[in-house]
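The values are calculated or read from the model by the stated rules, or taken from the named source; none is laboratory data. In this text, all values refer to a predicted model and were calculated from it rather than measured experimentally. We place every Cβ from the backbone using ideal geometry, glycine too, and count neighbours over all the protein chains shown. Areas reflect the complete protein model, heavy atoms only, side chains present, ligands, DNA and RNA absent. Shrake-Rupley method; radii C 1.70, N 1.55, O 1.52, S 1.80 Å.
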Amino acid sequence: MRGPAAAPAAVVLAAALAIAGLAGLAGCTGEPPVISRVFAQPVFVRDIERSVTWSRLGVFLVATDPDGQDDLSAFYVINDEAELYWKVESGAWVTTTAEGESWVGSNTLAMPGAEAPPAGDYRVVLQDQGGETVEDTFTIPPLEIPEESAWSSAALEDDSITVTNRQDVTQVWFYSREGKLVLTLPVPADTGRLSGVRASVPGFASGSTFWIYGYDRSKLRGMLIGPYRAP
């Protein structure tokens, strides 16, 4: 069994815990959690400061628990054929709201080096504090590496960010100087310009960074480029 390198928001499952035994995890009390929806996508990342490009997997789910949201413990992402897995603890996952629903997940499930997550069928196993689990599945299609002309670019001028070569969905992801994700904001499709940044983003100041995220619906892939730094 091989596990991927650890990422800031993705904690690798301990080697002592076999994938085959995961489905058998069960608690003695309480009710199992619920997965209402799963969204997964490959995300290609371009670091413009280091001139490197790699890919990773983003997985988000609408997850609830009859015993309360605090009872949710972790979720596992497993590709049985590739003998590949990640574990994302509740303390490490990202919480966001989209389409009126609360989602939890991670955008940083990475393979060793620059290797892309393999295409194929994956399982998502959500676990609560008592060990109760629920499972869902998703499929990742074969990946098409973005061509040079597909990438967006951005410029910060005064208090506005202008994004050129936008994708179907384009957002700005803002990070603190410590590297923590602070806020994501959509880029208006009509202008490609996000105004009033300093008033909208908590703690945005010199040294803060932002990345441009775009989702290409035709190729079912995300693209993330940055970091851009505030002067």
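Remarks
- For the pair GLU49 and ASP190 in one chain, pulling the backbone fully straight at 0.36 nm per residue adds 47.9 nm over the alpha carbon distance.
- Mean ellipticity per residue at 222 nm, deg cm²/dmol - from DSSP H runs of n ≥ 4 across the chain, formula -39500 (n - 2.57): 0 deg cm²/dmol
- Accessible carbon and sulfur surface of the chain relative to its total accessible area, %, 1.4 Å: 51 percent
- Solvent-accessible surface ranking, highest first, for TRP54, TRP86 at 1.4 angstrom: TRP54, TRP86
- Label point of SER36 set 7 angstrom out along Cα-Cβ; within segment 60-95, amide nitrogens under 19 Å from it belong to 60-75, 94-95.
- For the chain, size of Cβ-based charge dipole, Lys and Arg +1, Asp and Glu -1, in debye: 800 debye
- Burial order of peptide ranges 189-200, 207-218 (average beta-carbon count within 10 Å, highest first): 207-218, 189-200
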